[in-house]
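**Student:** Right, I'll just put the structure down here and ask away after.
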Amino acid sequence: MVDVDSFIADAREEIADEIGEKNAVIALSGGVDSSTAAALAYEAIGDQLTPVYVDTGLMRKGETDQIRETFDYMDSLQIIEAQNRFLDALEGITDPEEKRHAIGEQFIREFETVAREVDADYLVQGTIYPDRIESEGTIKSHHNVGGLPDVVDFEGIVEPMRDLYKDEVREVARELDLDEIVAERMPFPGPGLAVRIIGEVTEEKLAVAREANHVVEEELEEYEPWQALAAVIGKATGVKGDNRVHGWVVAVRSVESRDGMTARAQEIDWETLQRIQSRITGENENVARVLYDVTHKPPATIEYE
C-alpha cells in the first residue's frame with residue numbers, strides 16, 4: 001500500500017516542479033480520482049490552476065449541481081456546457097472504441113479552448129494505474145489515456161496519481177480531508193453514460209440510462225458495492241397497461257472489488273431486485289424489461305463498453 005504522507009508530499013513537489021511558473025488546467029469530473037488530483041494540484045500551484053468541469057450531457061443525475069457545491073472554494077472553477085458538442089461528436093458511432101476516442105478528443109478540445117483563454121500550458125489529469133494498464137493493453141481505451149487524440153495542444157500532461165490504484169486514491173483523498181461524498185463515491189466512467197449505452201448514443205437512451213442509474217445507486221446503497229450501474233442494452237417487447245410496447249432493456253450490475261482489475265457480482269436479494277425493476281419500468285414508460293447481470297470480471301468487464 002502507498003505511504004500516504006510521502007505520496008502527498010512527493011506529488012505536490014512533482015506538480016510544482018513540472019509546471020513551474022506557468023498555468024495549468026485540470027480535468028475535473030467530480031469522481032474521487034480527478035477530485036484528488038485537483039486538491040493536490042490546487043495546494044501545489046494555487047491560482048495557477050484552473051479546474052474545468054465539462055458537462056458533456058453524459059453525466060449522472062444532478063452531477064453538475066454537485067460539482068458547484070463541492071468545489072465552490074475554488075474561485076477559478078469553470079463549468080463548460082458542452083452537451084450538444086459531445087452528442088454531435090457521437091452521432092452515428094456504435095463501436096465502443098470509436099466512442100471512447102470521440103469522447104477523448106472532444107474533451108481535449110474543450111480543455112484546449114479554456115487553456116487558450118487562461119494562458120495555460122499544462123493539463124493535469126486524475127489518471128490512475130488501472131487506466132494505464134487497460135489502455136496500454138487490449139482491454140479498452142480510457143478516454144484520458146488511449147482515447148486521447150494524437151495531436152494535443154499542451155506543453156505537457158501531468159498525472160500525479162498514475163501509479164495508484166483506486167483504493168490508494170481513496171486513502172489520499174481521506175488524508176486531504178475531501179468530503180465523504182467525494183472520497184467514498186463509487187467509480188463512474190470518464191466517458192460517462194456513453195459506455196452504459198450499447199450502440200449509438202441518443203438523447204432518449206441517455207434519459208433512460210440517467211434515471212435508471214439514479215435508481216440503482218439509491219436502491220443498492222445499503223449493499224455498499226464497489227460499483228453499481230444500469231446499462232441500456234437494446235430493445236424487447238413488453239406490455240404496459242393493455243398495450244404491447246417495444247421498449248428498452250436495462251441491465252443492472254453491482255460488483256465487489258478492491259481495485260477494479262477484477263470484480264465479483266454481488267448477490268442481491270430478490271425483494272430489492274424486484275423493487276429496482278418496478279421503479280425503473282414504472283418511472284420510465286419506454287423501458288420494457290430489467291435484467292440483473294451475474295457475470296464476474298473476468299470474463300466480463302465492469303462497464304458494458
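The values are calculated or read from the model by the stated rules, or taken from the named source; none is laboratory data. Owing to the predicted nature of the structure, the values given are computational and were not obtained by experimental measurement. All Cβ positions, glycine included, derive from the backbone under ideal geometry; neighbour counts span all protein chains shown. Accessible surface is based on the protein model in full, side chains and every heavy atom, while ligands, DNA and RNA are left aside. Shrake-Rupley method; radii C 1.70, N 1.55, O 1.52, S 1.80 Å.
**Student:** If I ask for residues that are of a type in the set (Lys, Arg) and either assigned to a helix (DSSP H, G or I) or within 13 Å of ARG253 (Cα to Cα) (or both), which ones from segment 183-235 would you list?
**Tutor:** Residues satisfying the conditions are ARG196, LYS205, ARG210.
**Student:** Any residue in segment 247-256 that is more than 23 Å from GLU203 (Cβ to Cβ), of a type outside the set (A, V, I, L, M, F, W, C) and surrounded by fewer than 19 Cβ atoms within 10 Å (Cβ to Cβ)?
**Tutor:** So far as segment 247-256 goes, yes, one or more of its residues are more than 23 Å from GLU203 (Cβ to Cβ), of a type outside the set (A, V, I, L, M, F, W, C) and surrounded by fewer than 19 Cβ atoms within 10 Å (Cβ to Cβ).
**Student:** Scan (1) open to solvent by 20 Å² or more (accessible area, probe 1.4 Å); (2) over 23 Å from ALA89 (Cα atoms); (3) not hydroxyl-bearing (Ser, Thr, Tyr) for the single condition LYS205 breaks and write down its number.
**Tutor:** (2)
**Student:** Test GLU305 against the criterion of being open to solvent by less than 60 Å² (accessible area, probe 1.4 Å), assigned to a loop (DSSP other than H, G, I, E, B) and acidic (Asp, Glu), and give yes or no. Before the answer, list the steps.
**Tutor:** Working: open to solvent by less than 60 Å² (accessible area, probe 1.4 Å): yes; assigned to a loop (DSSP other than H, G, I, E, B): yes; acidic (Asp, Glu): yes.
Answer is yes for this residue.
**Student:** Sticking with this structure for a sec: Can you spot a residue in segment 44-61 that is open to solvent by 30 Å² or more (accessible area, probe 1.4 Å) and assigned to a loop (DSSP other than H, G, I, E, B)?
**Tutor:** Yes; the residues of segment 44-61 include at least one that is open to solvent by 30 Å² or more (accessible area, probe 1.4 Å) and assigned to a loop (DSSP other than H, G, I, E, B).
**Student:** Does ARG279 satisfy the condition of being part of a strand (DSSP E or B) and either modelled with pLDDT of 95 or more or β-branched (Val, Ile, Thr) (or both)?
**Tutor:** No; evaluated as a whole, the condition is false for this residue.
**Student:** All but one of (1) within 30 Å of GLU171 (Cβ to Cβ); (2) open to solvent by 30 Å² or more (accessible area, probe 1.4 Å); (3) in a strand (DSSP E or B); (4) not polar (S, T, N, Q) hold for MET261; which doesn't?
**Tutor:** (3)
**Student:** If you take the residues in segment 71-89 that are in a loop (DSSP other than H, G, I, E, B) and open to solvent by less than 30 Å² (accessible area, probe 1.4 Å), which one is farthest from THR50 (Cα to Cα)?
**Tutor:** Ranking the candidates gives ALA82 first.
Per-residue answers, yes or no, for (1) more than 23 Å from the chain's Cα centre (by Cα); (2) among the β-branched types (Val, Ile, Thr):
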site: ALA11; (1), (2): no, no
site: LYS22; (1), (2): yes, no
site: GLY30; (1), (2): no, no
site: ALA38; (1), (2): no, no
site: TYR42; (1), (2): no, no
site: THR50; (1), (2): no, yes
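To keep it simple, each residue is scored yes or no on (1) out of contact with any helix residue (DSSP H, G or I) (no Cβ under 6 Å at 6 or more places or on another chain); (2) farther than 22 Å from ARG68 by Cα; (3) modelled with pLDDT under 95; (4) assigned to a helix (DSSP H, G or I).
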{"site": "GLY92", "(1), (2), (3), (4)": "yes, yes, no, no"}
{"site": "PHE107", "(1), (2), (3), (4)": "yes, no, yes, yes"}
{"site": "ASP131", "(1), (2), (3), (4)": "yes, yes, yes, yes"}
{"site": "SER135", "(1), (2), (3), (4)": "yes, yes, yes, yes"}
{"site": "HIS142", "(1), (2), (3), (4)": "no, yes, yes, no"}
{"site": "VAL145", "(1), (2), (3), (4)": "no, yes, yes, no"}
{"site": "ILE181", "(1), (2), (3), (4)": "yes, no, yes, yes"}
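**Student:** For segment 197-242, what are the residues that are farther than 23 Å from ASP259 by Cα and among the β-branched types (Val, Ile, Thr)?
**Tutor:** ILE197, ILE198, VAL201, THR202, VAL208, VAL215, VAL232, ILE233, THR237, VAL239, listed by residue number.
**Student:** Residue by residue through segment 18-38, note down the ones that are crowded, with 22+ Cβ neighbours inside 10 Å and part of a helix (DSSP H, G or I).
**Tutor:** ILE19, VAL32, ASP33, SER34, SER35, THR36, ALA37, ALA38
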